[in-house]
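To start, the structure itself, in structure tokens.
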Amino acid sequence: MERRTIGAAALRVGAVGLGCMPMSWAYTGSQQRGERSLRTVHAALDAGTTLLDTADMYGPFTNELLLGRALKERRADAFVSTKVGLLLGDQHLVANGRPGYVRRACDASLRRLRTDVIDLYQLHRADPEVPVEETWGAMAELVTAGKVRALGLCAVGDAGGGAGGARPGVRAVRAVGARAGRRAGGDPHDGTIRQLERVQQVFPVSAVQAELSVWSPEALTRLLPWCEARGVGFLAAMPLGSGFLTGTLTPGQGFEPDDARARHPRFTAEMMAANQPVVAGLRRVAERHGPGATAATVALAWVLGRGRHVVPVPGSKRPEWAVRNAAAAGLRLTERDLAEIAALPRALGSWD
């Protein structure tokens, strides 16, 4: 697989990553099977994927434990990305950016992941009670100590998801994200860029993780150019639109209560039906690229084409899906393909 470079530290990773969150958090709990998820990690690594993205909050903790089982055998094949700064409280998420907590959380993640170093340590959310510079300074100390190789920041997310979002019934720390920003008429990533400008003064940011896909392109306006201008890698969260852009979801099919999509404004039966033209357009493009291409691989190829600093991180919990996603690194979209995708109708949510 093609390799891409993340940040000033010149960290090399496979062009397509693997989001491990669905294996134990936020998506269809009845389908979260440990042994199959373990096979998925191995299948992704075999296909050339190296970046494995997790967080201590996923589960909580069980996602890192699962990944640690694979890393015990294949640490040299993997680029490990995990996150700190969010805790699961009583029906809400709590941000904790206190330096002492960050240090303890890193040590705990290292134990669960069965590794002596985390390749990319990301701040999941800034704590409103702690200056972000203090939190980032503690994370920088972990780099100096050799426990972490590079630092990243997750974009501020909305209540429906975002990079590492909340499960149903759990109130998010802040309800501002790409779609919320669109409703308000401002740039959805203003807050994230302000945080980035502040922490850059303390220690270099190697990567930013934020939602980016054919149906959620808001990061293209300011956040992606900000990263490109500064040599910062961009990890594209939810590049398949939480599964919608795969074309495998049926309007009105319903979701299990613990599935984040059960309360997502784009996953009502009405909105899923209204957004079918987006999937149909991706399928038309895929048909021109032969039997190995799908709506999903076209969607990922589109994200890959947004810049050499962009690494899509599609979530998966099945080996065959991980292999299919990895194959998108070899798909090259033509000018005609890109023009058709650009002409697709804007995706709708229940507030549109």
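The values are calculated or read from the model by the stated rules, or taken from the named source; none is laboratory data. Just so you know, these numbers come straight off a predicted model, no measurement behind them. Neighbour counts run over all protein chains shown; Cβ positions are idealised from the backbone, glycine included. Quick note on the areas: whole protein, heavy atoms, side chains included, nothing else; ligands and nucleic acids left out. Shrake-Rupley method; radii C 1.70, N 1.55, O 1.52, S 1.80 Å.
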Item checked: Scan of the stretch 280-307 for residues that are open to solvent by 30 Å² or more (accessible area, probe 1.4 Å) and either at pLDDT 95 or above or assigned to a helix (DSSP H, G or I) (or both), ordered by number -> Ala280, Arg283, Arg284, Glu287, Arg288, His289, Thr294, Gly305, Arg306
Note to self: As an exercise: evaluate Arg266 against (1) charged (D, E, K, R); (2) touching a helix residue (DSSP H, G or I) at 6+ places or on another chain (Cβ under 9 Å); (3) open to solvent by 20 Å² or more (accessible area, probe 1.4 Å) and give the number of the one condition it does not meet.
What the structure shows: (3)
Margin query: If Phe255 satisfies all but one of (1) surrounded by fewer than 23 Cβ atoms within 10 Å (Cβ to Cβ); (2) of a type in the set (Phe, Trp, Tyr); (3) at pLDDT 95 or above, what's the number of the condition it fails?
Written below: (3)
Note to self: Here is a check on your reading of the model: is Leu65 touching a Pro at 6+ places or on another chain (Cβ under 9 Å), open to solvent by 30 Å² or more (accessible area, probe 1.4 Å) and farther than 27 Å from Val232 by Cα?
What the structure shows: no
Next item on the list: Kindly indicate which of Val156, Val176, Val130, Val143 is at pLDDT 50 or above, farther than 20 Å from Thr82 by Cα and either touching a Gly at 6+ places or on another chain (Cβ under 7 Å) or part of a helix (DSSP H, G or I) (or both).
Entry: Val130
Check: Which members of the stretch 211-234 meet the condition of being more than 22 Å from Ala347 (Cβ to Cβ) and touching a residue at least 12 places away in the same chain (Cβ under 8 Å)?
Finding: Trp226, Cys227, Glu228, Arg230, Gly231, Val232, Gly233
Next item on the list: Go over the candidates Gly137, Gly85 one by one and state the one that is under 30 Å from Ala262 (Cα atoms), in contact (Cβ under 8 Å) with a residue 12 or more places away in the chain and among the small types (Gly, Ala, Ser).
Entry: Gly85
Next item on the list: Could you check Arg33 against (1) at pLDDT below 90; (2) basic (Lys, Arg); (3) closer than 24 Å to Gly231 by Cα and say which number it fails?
Entry: (3)
Next item on the list: Evaluate the following for Glu270: is it in a helix (DSSP H, G or I), over 22 Å from the mean Cα position of the chain (by Cα) and over 24 Å from Ala322 (Cα atoms)?
Entry: yes
Notebook entry, point to check: When you go through Arg112, Arg103, Arg75 one by one, which is the residue that is surrounded by fewer than 18 Cβ atoms within 10 Å (Cβ to Cβ), under 22 Å from the mean Cα position of the chain (by Cα) and in a helix (DSSP H, G or I)?
Noted result: Arg75
